[in-house]
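One structure is given below, encoded as structure tokens.
FYI, it's all coordinate maths here, none of it is from the lab. The structure presented is a predicted model; accordingly, all values stated were derived computationally and were not measured. Please note: Cβ atoms are built from the backbone with ideal geometry, for glycine as well, and neighbour counts cover all protein chains shown.
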Amino acid sequence: MSQVLSSSQLSRIQWSLLALRVGVFIVMFVWTLDKFINPDHSIKIFEKFYSISGLAENIAYLLGVVQLVVVLSFLIGFKKRITYGLIFIMHGGSTLSALGHYFDPFNNLLFFAAWPMWAACLALYLLRDLDTKYSVTK
């Protein structure tokens, strides 16, 4: 059974989605900045969590540029199907790459914050057509 949303309900949904989008952006933006400010840290993360060793510093910068374009496009709601999907995949990759840490939860509590954020990324992707507040594409 389909129900039509009142303008008040739709407004609350739009503000909620904007809050999720900005919250996810903040985390992804800091991860992006890390590639520029501390590329050695990014290189170590790729070695430890993705089993990619020997990454050059210029590759970390290049990945940072690509990620910055995606993250900023996500923030402004540009090409939502693509950018929201890429954010979901990127965050999912980082969440699942830390799988071993979830087996020792009380020594790795901060890793568990990745799961609700990944859920927020999924919600944003699924509800992208309703996420129109301060978005360049309606």
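The table below lists the values:
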{"quantity": "Filtered residue count, the stretch 1-45, keeping only those that are under 17 Å from the mean Cα position of the chain (by Cα) and within 22 Å of G100 (Cβ to Cβ)", "calculated": "5"}
{"quantity": "Condition met for T132 (farther than 16 Å from S16 by Cβ, hydroxyl-bearing (S, T, Y), touching a residue at least 12 places away in the same chain (Cβ under 8 Å) and in contact with a helix residue (DSSP H, G or I) (Cβ under 8 Å, 6 or more places away or on another chain))", "calculated": "no"}
{"quantity": "Number of the condition not met by F112 [criteria: (1) under 21 Å from V71 (Cα atoms); (2) exposed (fewer than 15 other Cβ atoms within 10 Å of the Cβ)]", "calculated": "(1)"}
{"quantity": "Of all residues in the stretch 94-121 being within 12 Å of the chain's Cα centre (by Cα) and touching a residue at least 40 places away in the same chain (Cβ under 8 Å), the one that is nearest to S51 (Cα to Cα)", "calculated": "S94"}
